[in-house]
Amino acid sequence: MFIIIFGFYSSILRSEIQTSHKLETEWGINAYDVTTQRFELTLTSELETAIGKASELKVIPRIRATASDKLDPGESSQDERSRVSRRYYMNDYVEFELREFYFDTTIGKSYLTLGKQQVVWGTADGLRVLDVVNPFSFREFILEEFNASRIPLWMTNIQIPIDKYDIQLLWIPDKSYNDFSDEGDLYYLTSPRYVPPPQDGIDVQINDVDRPDRFWEDSDFGLRLTTTWSGWDLSLNYLYHYDDSPVLRRRVFSDSAGLHAVIMPEYERSHLYGATFSVANGDFVYRGELGYSRERYVLSDEPGESDGVTQRSDLSYVFGVDYSGLLNTFLSFQLFQSYISGSDQYLSRDKVDTTVSVLLNRSFVNETWRVETLWLHNTNDEDGLFRFKLRYNPNDSWIYSLSSDTLYGRRRGLFGQFSDSDQVVLGLIRYF
Amino acid sequence: MVATTNLKIYDRRKSKVKSNYIIALVSLLACTSLLAKEMSAVEIMLANEASRKGKTEMSSMLMTLTNSKGQSRERDVLLRIDDRNIKARKSYLEFLSPRDIKGTRMLTVEKENIDIEDDRWLYLPALKKVRRISASNKADSFMGTDFSFEDFEVADGVVGVKNHNYKILREETIDDALGVRKKCWVIEAIPVTEKQIHESENSKRIIWVDQEHYAAVQEHYFDKAGKLFKIRTSTDVRESPTADGGTVWRPMRIEMTTLKTGHKTTLIMRDFKVNEYIDPNMFTRRYVEKGR
């Protein structure tokens, strides 16, 4: 495989394909015990070639070499990914992933994109309501840039302009879902909001996930209508999909050996209806997205629930305000709320779940220096994330960065469960 | 007697010639000054706008950012401008290099009514989506250059006259940045509407408008405190044929220097074309998202 990849890159040098490369080194250090959480080298290439006047082929391969890795040491199970979307492990330290591979063309006034790609819906930053077309890798929890953690899928993407409207149609036969960390990995989910908590005296067995495998019937389909009207950017969205997070049904039984629990992960179909808007007014931009689904499954301890899960409707939204009134400064506030139907008694989450975010981005000295701070806070579990990042970009080839991630709050929370994993990260990027 | 008479006649003729010469000279000077003062400051700025705007404009710009130590960064930028509506410019801009900003695209669609917000969208490859951004933050640096968003607008002209006061300070002959002598009007431009005063980074601009081609060969920018903080020079004015058989004269090199930091940004126009057909679809949010 190494020879094939080397030959692939060598052939690029002789072709007329436009290429560019990004070599990134990151060293993550645990803030408490000052041990290395990860030390990795990532090479991401972009190869583009025009085909005729109206088409292009784009390939984005990525090679990652990890010298020290607590994120997912060794080879990950990748049960959540379809065979055609998995990472290829050369050994325990080096992996290869074909990130994107698509053919892009125009047919009349319409656009057709075929292949492995990312499709991003919604107007929110960092909090997702409609950005669920592609699943995500949670290898680094939510600390990785979305562009890198979003899992590209093999799909057909058609965009048809009709007068002032644009219609986007998606057909996604690729059955890959959120890639969660395995037990023993640094960001293995333990929050009782999302996984049944272990109980003393009960032997727990986790079954393999029940994956959809019918080519047509289990495909996802999406439809988006966008337009701009009187200064407003508007969209209506519909996604018929398998929720990217499995429902963790459980069954408890007893036998002569004692009490046993079997966890049966299963993906469930969902209809997601959504809308977005974005409008500017002076120094402010107001934006929002709304999503409604009737098929949301929540962990429940209700005595009548035989499988530990209950189905509810979910209405979620994000409302954001961006302010650009300060020189070379971007300030953004977001409010995220999720409402589930019915009573929240016995449920692993509250009826209304609220998270706020504040982002401040300031550049200096002709954008050679950039400071960014991000604060995410969940008011229900009183936990959150604070990130600080300093970036120095002295020329077009190098970027140096220093960042810190602080997770705090109650251990049952999404963020608080990782409060022992605060880190400082030194980064270096070379473009060529 | 005759000689004396002849001499007197000669003297009278000479005197008459001299008088005629003086009258002609005075008349010529009067006409010249009349011609020079015939154009008001507003008319000069409208002529300046006319020299800067065709129906469409296409170019690829080489943008060089140089700090006070001489270290430089380069950007390749694709620029498309639609001025078919002289009151509402549409401009599309895409960064072709370097790698860290390649694929960044921006579209600005001005509105005829100056009280209505312009539309502006930005596509960032790292986010893989288009976002609407405020068009009011005109004072912000454009992508780290010494040009602000305001500097990329055609501030003076049909729309500019509604929110600026213009005054001719003097006429002056200067050497442009390449040493070419240019006879200019020196125009003072001061924002007067509340919106313009609030959004602009300038309290005043002094503009040297070339009397031959009406190009603004030099511009001084004064901050809110009245202090000179940036200087722009436009040079290498060349004749460019237009696609519809006309001719325009445009500067092919524009340089902006920030005095406080000594940082400068140089724009060099390449593949410059005027009044070629540009697909109107290029100036839509859809195009910014797809990049084609």
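The residue of region A:95-127 that is surrounded by the most Cβ atoms within 10 Å (Cβ to Cβ), among those that are of a type in the set (S, T, N, Q) and farther than 18 Å from A:F221 by Cβ, is A:T123. The set of residues from region B:114-147 being under 19 Å from the mean Cα position of the chain (by Cα), more than 21 Å from B:G291 (Cα to Cα), more than 7 Å from chain A (Cβ to nearest Cβ) and surrounded by fewer than 22 Cβ atoms within 10 Å (Cβ to Cβ) comprises B:K138, B:F147.
Okay, residues lined up against (1) crowded, with 18+ Cβ neighbours inside 10 Å; (2) out of contact with any strand residue (DSSP E or B) (no Cβ under 7 Å at 6 or more places or on another chain):
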| site | (1), (2) |
| --- | --- |
| A:D163 | no, yes |
| A:L170 | yes, no |
| A:S191 | yes, yes |
| A:I202 | no, no |
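How many of the residues making up region A:24-49 are open to solvent by 60 Å² or more (accessible area, probe 1.4 Å), aliphatic (A, V, I, L, M) and in contact with a Leu (Cβ under 8 Å, 6 or more places away or on another chain)? First the steps, then the outcome.
We begin by selecting, within region A:24-49, every residue open to solvent by 60 Å² or more (accessible area, probe 1.4 Å); these are A:27, A:32-34, A:39, A:41.
Next cut, aliphatic (A, V, I, L, M) only: A:34, A:41.
When the remaining residues are screened for being in contact with a Leu (Cβ under 8 Å, 6 or more places away or on another chain), the result is A:41.
Total meeting the criteria: 1.
Scanning region A:276-292 for residues that are touching a strand residue (DSSP E or B) at 6+ places or on another chain (Cβ under 9 Å) and either buried (at least 20 other Cβ atoms within 10 Å of the Cβ) or at pLDDT below 95 (or both) returns A:T276, A:S278, A:A280, A:D283, A:V285, A:R287, A:G288, A:E289, A:G291.
If the condition is being under 20 Å from the mean Cα position of the chain (by Cα), touching a residue at least 24 places away in the same chain (Cβ under 8 Å) and open to solvent by 30 Å² or more (accessible area, probe 1.4 Å), then region A:172-189 contributes A:F180, A:D182, A:L186, A:L189. Where strands (runs of 3 or more DSSP E) sit wholly within region B:38-126, those with at least 1 residues that are β-branched (V, I, T) and touching a residue at least 12 places away in the same chain (Cβ under 8 Å) occupy B:56-66, B:72-82, B:105-109. Only a single item in (1) at negative phi; (2) surrounded by 15 or more Cβ atoms within 10 Å (Cβ to Cβ); (3) within 14 Å of another protein chain (Cβ to nearest Cβ) is not met by A:Y400, and it is number (2). Scanning region A:373-394 for residues that are crowded, with 16+ Cβ neighbours inside 10 Å and within 13 Å of chain B (Cβ to nearest Cβ) returns A:R391, A:N393.
With the requirement that a residue be open to solvent by less than 30 Å² (accessible area, probe 1.4 Å) and touching a helix residue (DSSP H, G or I) at 6+ places or on another chain (Cβ under 9 Å), what does region B:148-164 give you? Listed by number, the residues that qualify are B:E150, B:V154, B:A155, B:D156, B:G157, B:G160, B:N163, B:H164.
Applying the criterion of being within 14 Å of chain B (Cβ to nearest Cβ) and open to solvent by less than 30 Å² (accessible area, probe 1.4 Å) to the residues of region A:403-432, the residue that is farthest from A:L189 (Cα to Cα) is A:Y431. Please work out if A:S278 is more than 14 Å from chain B (Cβ to nearest Cβ) and out of contact with any helix residue (DSSP H, G or I) (no Cβ under 9 Å at 6 or more places or on another chain). Considered against the rule, which asks whether it is more than 14 Å from chain B (Cβ to nearest Cβ) and out of contact with any helix residue (DSSP H, G or I) (no Cβ under 9 Å at 6 or more places or on another chain), A:S278 comes out as no.
Only a single criterion out of (1) of a type in the set (K, R); (2) open to solvent by 40 Å² or more (accessible area, probe 1.4 Å); (3) over 18 Å from B:E49 (Cβ atoms); (4) touching a residue at least 24 places away in the same chain (Cβ under 8 Å) is not satisfied by B:K167, namely (3).
Scanning region B:78-113 for residues that are in contact with a Pro (Cβ under 8 Å, 6 or more places away or on another chain) and more than 14 Å from chain A (Cβ to nearest Cβ) turns up just one, B:D82. Do we have any residue at all in region B:238-257 that's within 14 Å of chain A (Cβ to nearest Cβ) and open to solvent by less than 60 Å² (accessible area, probe 1.4 Å)? Yes, that holds for at least one residue. Among the residues that make up region B:52-74, is at least one of them buried (at least 20 other Cβ atoms within 10 Å of the Cβ), out of contact with any Pro (no Cβ under 7 Å at 6 or more places or on another chain), among the basic types (K, R) and within 14 Å of chain A (Cβ to nearest Cβ)? Yes, that holds for at least one residue.
Here is a check on your reading of the model: is B:K227 open to solvent by 20 Å² or more (accessible area, probe 1.4 Å) and either in contact (Cβ under 8 Å) with a residue 12 or more places away in the chain or within 15 Å of the chain's Cα centre (by Cα) (or both)? Before the answer, list the steps.
Values: open to solvent by 20 Å² or more (accessible area, probe 1.4 Å): yes; either in contact (Cβ under 8 Å) with a residue 12 or more places away in the chain or within 15 Å of the chain's Cα centre (by Cα) (or both): no.
Considered against the rule, which asks whether it is open to solvent by 20 Å² or more (accessible area, probe 1.4 Å) and either in contact (Cβ under 8 Å) with a residue 12 or more places away in the chain or within 15 Å of the chain's Cα centre (by Cα) (or both), B:K227 comes out as no.
The values are calculated or read from the model by the stated rules, or taken from the named source; none is laboratory data. For clarity, every value in this text was computed on a predicted model and none was experimentally measured. Virtual Cβ from ideal backbone geometry, glycine too; neighbours counted across all protein chains shown. Areas reflect the complete protein model, heavy atoms only, side chains present, ligands, DNA and RNA absent. Shrake-Rupley method; radii C 1.70, N 1.55, O 1.52, S 1.80 Å.
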